[in-house]
Amino acid sequence: MNKIKMICLDIDGTLLNSQHKISQNTNDIIRIVASVKQIPVILVSARMPKGILFLQKELNINEPIICYSGALVIDEKANILSNSGIATSDVKRAYSFAKELNVHMSLYKGDEWYVEELDDWAKQESEITNISPNIKGFTDLFNQWECENSGPNKILCMGKPNDIKLLDAKIKSIHSNGLNVYPSKPTYLEIMPNNVSKTSAIEILMRKFNIQKSEVIAMGDNYNDIDMIEFAGIGVAMGNAPDKVKQYADYVTLSNDNDGVAAAIEKFVMS
């Protein structure tokens, strides 16, 4: 087995436990591999930069981060290595469907989070992430982005499970090749540009660090982690992952509430 030279960790449901915290044991193990073994630990998430950087501080690591499931990659000095957006025409179409179904929509671009109003969904997300959104009329945003020929890195729709299923089907029925649409939980629908993935972002960092695929370990718990779990030299699924995700893994570790990340690092990196 090749020596591991890069550790890629999903955040929610993987690095964090059900209380959205990093356990002391996991924190200790990551600090050892990062400082003593000098192995880059890369946080890979659908979150925005602000939602990742405070966790890096907590772990005492200073490495590039992969945001929005690969749509934005930033190096350790905050330089943008890669940035992909969703066409405003696609955003407007998704927005009209969300409005019809009375589903909340959040838009993320760079390090900004936009909502039209601070409803219960926005408040809940703000409590989980410790980030406050910008309240702004989406029509103005769309006009601005059309002038700039840009768009958001990510759309997050939140609503009742049935409404989310309907929205998912509606958006996919447009056959828009420019979108990657998936439910990250029954009440959340995440929409990203189709030309990016966690794997495409990891490949950018492999080139930066001159690391081979066989030297990468990747850990995740959800459907949007499948590509990197399948890609990595060692792909690890969390014990709390759905069975479909586990099928793609080389190894299934303990759950996020039982220090699964620490257990896998001890097994494959420390030994």
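For the chain, the longest principal axis of the C-alpha atoms and the axis of helix 161-173 are separated by about 80°.
Can you give the relative contact order of the stretch 142-217 as a percent, counting alpha carbon pairs under 8 Å and 6+ residues apart? Computed value for the stretch 142-217: 27 percent relative contact order. Taking the longest Cα principal axis of the chain as reference, the axis of helix 198-209 is set at about 50 degrees.
Once the Cα atoms are used to define both axes, helix 120-129 deviates from the longest principal axis of the chain by about 20 degrees. Across the stretch 179-271, C-alpha contacts under 8 Å between residues 6 or more apart give a mean separation that, scaled by the residue count, equals a relative contact order of 18 percent. Extension gain, N102 to Q19: 0.36 nm times the residue separation minus the Cα-Cα distance gives 27.0 nm. Built from the Cα atoms of the stretch 88-193, the convex hull projects on average onto 6.1 nm², one quarter of its surface area. For the chain, the Kirkwood hydrodynamic radius from C-alpha pairs, put into Stokes-Einstein at 10 °C and a viscosity of 1.306 mPa s, yields a diffusion coefficient of 84 µm² per second. Near the amide H of K154, within less than 5 Å, lie the amide hydrogens of Y108, all on another chain or at least 5 residues away, with H placed in the peptide plane. Available extension along the chain between S173 and D243 is 22.5 nm, counting 0.36 nm per residue and deducting the alpha carbon span.
Taken over the alpha carbons of the stretch 48-136 as equal point scatterers, the Debye sum produces base-10 log I(q)/I(0) values at 0.10, 0.11, 0.13, 0.21 Å⁻¹ of -0.31, -0.37, -0.51, -1.11. Can you figure out the FRET efficiency of D111 with F209, using R₀ = 22 Å and their beta-carbon distance, to the nearest 0.05? In this case the efficiency is close to 0.40. Each principal axis of the Cα atoms in the stretch 1-96 has its own extent, and those three values, largest first, are 49, 30, 29 angstrom.
Between K57 and L166, the contour length at 0.36 nm per residue exceeds the alpha carbon distance by 35.3 nm.
With r as the distance between the Cβ atoms of S126 and D28 and R0 = 51 Å, compute the FRET efficiency 1/(1 + (r/R0)^6) and round to 0.05. After rounding to 0.05, the efficiency reads 0.95. Sequence-distant contacts, meaning Cα pairs under 8 Å at least 6 residues apart, place the relative contact order of the chain at 22 percent. Averaging the Cα positions of each part gives two centres, and for the stretch 121-149 and the stretch 1-80 these lie 25 Å apart.
Mean residue ellipticity at 222 nm, helices only, the chain: -10000 deg cm²/dmol; runs of at least 4 DSSP H residues each add -39,500 (n - 2.57), and the sum is divided by the number of residues. Each of the peptides 81-91, 42-52 was scored by the mean count of other Cβ atoms within 10 Å over its residues; in descending order, highest first, they stand as 42-52, 81-91.
Readers should treat all values here as calculations from the given coordinates under stated rules, not as data from a laboratory. As the structure is a computational prediction, the values presented were derived from the model and not from experiment. For neighbour counting, all protein chains shown are included, and Cβ atoms are generated from backbone atoms with ideal geometry for every residue, glycine included.
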